[in-house]
Structure formats: C-alpha cells, structure tokens
C-alpha cells in the first residue's frame, strides 16, 4: 500500500528544519504527519499528498487551493497556516498548527452530546463558515469528521477541516470575462450522507446553502443520536434525501424546544430557497433558542424515543463510484467521497 503513503519517510527533515515524527491522519488524498522544528522545538502538523494523488494534476491543484484558502480565512475556526512549500522532487506540502483533540465523528462514537454542546458546536461551525462564505467559498464537505474539537477544559473550539472539495471564485485570464469556479463540470464532490440534494445533481452549481443543509444533518444527528436519512444502500439514501423523507426530530426528542426542532428541519429543506439564507441567520436563530437547563434536560431525556439502530450506508472513503445496490450493514455512517449521479 505504498501508494497511500506520503512521498517522504519518518525521521526525514523537510523545509526549514521540520523533523517528521509520526503519521497522525489520513484523508482522501493526503496524509498528515506530526513534525517538530529541530531548533525551535515547535510541533506542527504537515499535510502531504499521497504518492498516488501526486500523479494527478487535478489533485495537486486542489491541494494547493486548500492551502491558499486556509491562508485567506481570518477566523479562529480554521487551522492556522505556517507555510506552503514543495519537496525537492516537486510535491507540495502544507505546514499548519498542530491541533490537540478529536474530530466530531470520534466524539459521536464515544458518547452522546447534550443540546447545549450540540448548539455550541454547530454555532462555532457557522462562525467559521461565515468567513468562508463572505469570500465566496463553499466548503461542500461539511461532516462530523471535518469538525475538529480542540481547546482547553471549559473552552471548546471547533475548527473546520479539509477545504479540498471547496468551491471558490478565482480570477480568470485576461481572455476570460467575469469569474470562474474551480470545479469541473460533472465532477461529484462531497460525502454522500451529508450532501445536499442539489449537490447530488451538480457539485459545480451549489452555493452556501448546501453547507447549511450539511450543518442541519449534523445538528439533527447530534440531537437525535441518529442520522436523519435512514437507508440500507446509497440508492435509497439518494431517494430519501431528494424527497426530504426525514423522521420529525420532535418525535425523537419531544423535550427539545419547538424553535430548535423547526430550525433543524428548515436547514434540511429540499429547496435551498426554503432554508436559512445565510449561516449568519442560522447562527442568530440558534443563539435565540432557549434550551432547558441540564438537570431538567437529563430528566426529560429518559423519555426520549429511540430512533433505532439503523444508520445510512457505509462505503470506503477511497471509493470513486457508488453502486446504488451496495448493501452496507453498518451502524455508523462514514465518508463517501464519490462522483454521484449524472452531471447537470
């Protein structure tokens, strides 16, 4: 499996004296390595492209694009960029702050979150996305694994990860007019269980409201401990998302304020025009929700209706195509980064 490894070896020194210590994460086309600056003792995370991804010019372009995006975003809710450089052999790598914590997907697998925590996490994600959306950037792959939970005891900080699938305006050449979008026609991008209905049809044509839909899925999942779209295979998942077939959150969590459950369902509307228009509006509405105090919430939780063990289908994150008949008998949804459905 050497093609899944970075084009470097542990113990090697790269750039301005960064020693590569250990691999701490894998992504769709990248590998993240913990590194230490020999002279300063500074620990950082360095993201390299996998060997196979380095051979694809489109993957290389997206990797560099992600570094440019992170450097542009003036918010505490994305990892801070130290530098973008290249190995002597030409492969790019990105030096970033080292985050201590876990992603939301890991947290969900360990324990349930109370509504106060759920609202706080999604609110912080809104703040990070607001900065991106102001610059015309749509993330397009908002999911629990891309919300990293860090900070100090009593002060949780949420960081948005992986802008490699994002859509952003770019300057055109002098021979072009207006702006163009860095997404080729017919390329499906995102994670199936967190992709808005319009993103299944065309990743190129989505706007910021697709990210709002994804946040709605996450908020529903945090509050109900169940994904809103229960399916046995990807084909069924596509149909349910396209039809908006969601079990009412109020049935699963009758203890939650109606204002909150209604907001979640507004985020999950099939028609983007029926969702909150911006993440700023979503954030303001979330902040206006009055949640029960933790003691009352704990008592009410004893009467919460179980959503059952069924969760959406699961496929390898390395998949490039989704087979509609694929049977996935698994209880937890995972990344399904794939080209889905016909292009628009």
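The table below lists the values:
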quantity: Residue check, residue 120 in contact (Cβ under 8 Å) with a residue 40 or more places away in the chain and either under 18 Å from the mean Cα position of the chain (by Cα) or surrounded by fewer than 20 Cβ atoms within 10 Å (Cβ to Cβ) (or both); calculated: no
quantity: Strands (runs of 3 or more DSSP E) contained in segment 140-194 and holding at least 2 residues farther than 20 Å from residue 216 by Cβ and modelled with pLDDT of 85 or more; calculated: 147-152, 155-160
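The values are calculated or read from the model by the stated rules, or taken from the named source; none is laboratory data. Note that the structure is predicted; figures quoted are calculated from it, not measured. FYI the Cβ positions are ideal-geometry reconstructions off the backbone, even for glycines, and counts take in every protein chain you see.
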